[in-house]
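Quick notes on the structure that follows.
The values are calculated or read from the model by the stated rules, or taken from the named source; none is laboratory data. Keep in mind that this is a model prediction, so the values were computed, not measured. Cβ placement follows ideal geometry from the backbone for every residue including glycine, while neighbour counts extend to all protein chains displayed. All accessible areas refer to the heavy atoms of the entire protein, side chains included, with ligands and DNA or RNA removed. Shrake-Rupley method; radii C 1.70, N 1.55, O 1.52, S 1.80 Å.
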Amino acid sequence: MARLQGFEAAAIAASALQSELERAKELQRTSDQRIDFLQAHSSKVSAKLQEEQRLSLQQRKTICEWEARWRELEHVRDELAAKVHQLEDLKQQLGADLESARHRDVDLVDQLNKSESVRRRLHEIVQDLKGNVRVVCRIRPLLPVEKQEGKALAKMTIPAANTIEIEPTKPTEKALSFEFNAVFDSQAGQDVVFDEISQLVQSVCDGFNVSIFAYGQTGSGKTHTMQGPEVPDVETEGMISRSISQIFASMHNLQMFGWKAPSSARIRVTSSCARLGVA
């Protein structure tokens, strides 16, 4: 009986041990699983840590680069500030120079106005001495068709700048002598003729009324002298276009020296033609 009880106690103890063993194994499996989980989590944490370290190094490198650029920008800012200071000094100097130049301009304009007044008075005196009415003579050269026909100019001489003498065609006749304000031979160009009347055009700019016209028989060259050929150039343009050009050139020169035309000023150019004949 006592042995039977001993076996039962041993069986109970063995069963208890078996249960403890099973619990121990279960705990071991649970521990292994937690260890595997922790190892996996540790690997992830380690990888993340390495990535964070890499990003941190990259950020440090970027920060260093930006700091270097910031220092460069600060250097550029300082240089620009110095240039701005120089420009401000230059601006002040230019302002002072400009103000001084304005004062000089005022003095120069005043001197110019005085000189222009003197020039006008002297010009008026010269024109009065030359006479209010002037007559000049221009000898027309032969036309190509006249040369082909064998024609020739009348025999004449110009003994003085204002005198022309026509030789007689017969021994019994005397030479004819005529005096003008100026005489232009057949070789004189349009510019030479205009040089004689340009002073009268200047009188127009000074406010005087001037009339310039050509007189002569048909075919004597009046139209050529006054208007030039149908397609004129710099050398052949007539007295009319040259006069207008001189008027506008005079206005431009005065404007360069500060002259301004009044707002009410108007320029009107009127051209007319009349043919007069004597029966």
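Things to note:
- Residue match in segment 192-200 (condition: free of Cβ contacts under 8 Å to residues at least 12 places away in the same chain and in contact with a Gly (Cβ under 9 Å, 6 or more places away or on another chain)): no
- The one condition in (1) part of a helix (DSSP H, G or I); (2) of a type outside the set (Ser, Thr, Tyr); (3) open to solvent by 100 Å² or more (accessible area, probe 1.4 Å) that ASN132 fails to fulfil: (1)
Condition check ((1) polar (S, T, N, Q); (2) open to solvent by 100 Å² or more (accessible area, probe 1.4 Å); (3) closer than 24 Å to ASN132 by Cα; (4) at pLDDT 90 or above) across all residues:
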{"position": "GLN199", "(1), (2), (3), (4)": "yes, no, yes, no"}
{"position": "GLN202", "(1), (2), (3), (4)": "yes, no, yes, no"}
{"position": "VAL210", "(1), (2), (3), (4)": "no, no, yes, no"}
{"position": "HIS224", "(1), (2), (3), (4)": "no, no, no, yes"}
{"position": "ARG242", "(1), (2), (3), (4)": "no, no, yes, yes"}
{"position": "GLN255", "(1), (2), (3), (4)": "yes, no, no, no"}
{"position": "GLY258", "(1), (2), (3), (4)": "no, no, no, no"}
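- Unmet requirement for TYR215, which otherwise passes all of (1) modelled with pLDDT of 85 or more; (2) surrounded by 11 or more Cβ atoms within 10 Å (Cβ to Cβ); (3) of a type outside the set (Gly, Ala, Ser): (2)
To keep it simple, each residue is scored yes or no on (1) surrounded by 10 or more Cβ atoms within 10 Å (Cβ to Cβ); (2) more than 30 Å from VAL204 (Cβ to Cβ); (3) free of Cβ contacts under 8 Å to residues at least 60 places away in the same chain.
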position: GLN59; (1), (2), (3): yes, yes, yes
position: GLU72; (1), (2), (3): yes, yes, yes
position: LYS91; (1), (2), (3): yes, yes, yes
position: SER100; (1), (2), (3): yes, yes, yes
position: ASN113; (1), (2), (3): yes, no, yes
position: ARG138; (1), (2), (3): yes, no, no
position: GLU146; (1), (2), (3): yes, yes, yes
position: LYS151; (1), (2), (3): yes, yes, yes
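- Condition met for ALA68 (under 57 Å from the mean Cα position of the chain (by Cα), surrounded by 10 or more Cβ atoms within 10 Å (Cβ to Cβ) and either over 30 Å from GLN255 (Cβ atoms) or without any contact (Cβ under 8 Å) to a residue 60 or more places away in the chain (or both)): yes
- With respect to (1) more than 21 Å from GLY219 (Cα to Cα); (2) among the aliphatic types (A, V, I, L, M); (3) without any contact (Cβ under 8 Å) to a residue 12 or more places away in the chain; (4) open to solvent by 70 Å² or more (accessible area, probe 1.4 Å), the lone exception for ALA161 is condition (3).
- Scanning segment 226-240 for residues that are open to solvent by less than 40 Å² (accessible area, probe 1.4 Å) and without any contact (Cβ under 8 Å) to a residue 40 or more places away in the chain yields MET226, GLY228.
- Any helices (runs of 4 or more DSSP H) falling wholly within segment 136-235 and containing at least 2 residues that are in contact with a strand residue (DSSP E or B) (Cβ under 7 Å, 6 or more places away or on another chain): 190-205
- Residue count for segment 164-188 under the criterion of being in contact (Cβ under 8 Å) with a residue 40 or more places away in the chain and either loosely packed, with under 14 Cβ neighbours inside 10 Å or not aromatic (Phe, Trp, Tyr) (or both): the result is 8.
- Selection status of ARG77, modelled with pLDDT under 85 and out of contact with any Gly (no Cβ under 9 Å at 6 or more places or on another chain): no
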